[in-house]
Amino acid sequence: MKKNINLLSVGIMISLLAMSGCASGQSTAAGTVVESVAADDTEADSSGVMETAVAETGKEDVTTEESKEGAEASVLTEVSDAQERMAPVRIWGVVTEIGDNFITVDNQSKVSSPGEIVLMIDPESTYVLDGVNGLPVALDEVQTGNFQAYLGPAMTLSLPPQAVPYMVIVNIPEDAAAPLYVIASGPMTEKDGAQVLTGNDGTEYQLAGDARIQPFLTKNIVRMEDVREGSECLVWLDTEGKIERMVLLTSADGGEDGKADETTSYTIEGEDVSAQVVDGGSLILDLPSNATTGYTWVIVEEPDNFASDYNVYIEPDKDGQVVGKGGIAEFHIIALDEGVGTMLFQYRRNWDGGEIAGTYELTLDISRENKTYLRINSVSFRQLAKES
């Protein structure tokens, strides 16, 4: 997803500046808010606003009448470039209102503009993500409550002020810490025997020994080596402040993340079953499931060298849904140690004496690449013969 604020959005901001007639400007951690010209001091027309704005963005010679025609283009170019290279400003607080294309928040942080801010959501440049799983959230699914947002340097001087954020993280539980949005300053580095992710604001984040990286909205393979300058990441920190989970939102070139893992082989039975290795040492296993029948997938036996750290039921698409249509039970499997291990699943009605529709065997062959990195070399999932 391209993260530059589009020219139309910035043009709207500048138009609002011309109408506001405010005499004051203010600064954020990311950059100076563009000043407008007071109506009682000058003939405050749009060209005057452009001249002041360009002066704030660093253009030196755009103050004469002959430069007015090119002033607007200069401002748009400077703001767009600033959005590209500057670290985002993090604010947090409470969501108070949700509209068709905006989220109104009470900014309780001590940065940017305190109090009420209207976050204008541009579907082409703004992520709106869930604070628990990192997946996209439609505006009609945003809940009032805790939020985090990451802003660029441009904000209108209207009351309340408006901004087009890079990202808004919503639906954050009261007792949970939200993930952080980090733009990498370069590839991962090694420091004191651990891998380190450095943000473009200079902050360093050390990876926990069992940290895992996941792709965003794709089953393509991604690895720590895929993080490069400009890569956008969502990171969850453990109690020690180390990265325990990372989602690679975009690669540095803005293209799709990841690449096929040619070293892993699969033997999968069942046309609706799929398995995908993520970052070499973890696996996403999707199994067909229909909650309306009362049957669920249950792990009945685990090996020593891998385990499931979570599983979710993904409902079928609502559009054109057939009554009784099944969804997907998705299991996330993580490698714990080298060796060959087998995990047993049952598709059953999960109560005492519940009927078992089938027993299945997941087998993984895991090797150790180094002290902290494990690799899944082969995956086999098959149904066991029913006992007579």
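The values are calculated or read from the model by the stated rules, or taken from the named source; none is laboratory data. Small disclaimer: the values here were computed from a predicted structure and weren't measured. Counting neighbours? That spans all protein chains shown, and the Cβs are built from the backbone with ideal geometry, glycine included. When the accessible area is computed, the model is the full protein with side chains, heavy atoms only, and any ligands, DNA or RNA have been set aside. Shrake-Rupley method; radii C 1.70, N 1.55, O 1.52, S 1.80 Å.
A few points about this structure:
- In this rough spin-label picture, where each label sits 7 Å from Cα along the Cβ direction, the SER158-ASP100 distance is 1.5 nm.
- Sequence-distant residues sharing a close amide H with VAL128 (under 5 Å, placed H): VAL137, VAL168
- The amide H of GLY281, built 1.01 Å from its N in the peptide plane, has ILE376 as neighbours under 5 Å, considering only residues 5 or more places off or on other chains.
- Phi-based couplings in Hz for the stretch 304-314 (Karplus 6.51, -1.76, 1.60; Gly and Pro marked x): 7, 9, 7, 8, 9, 8, 6, 8, 9, 9, 9
- Per residue, the stretch 164-217 exposes an accessible area of 45 Å² to a 1.4 Å probe, with every protein chain left in place.
- Relative packing of 374-382, 200-208, which averages over residues the other C-beta atoms within 10 Å, highest first: 374-382, 200-208
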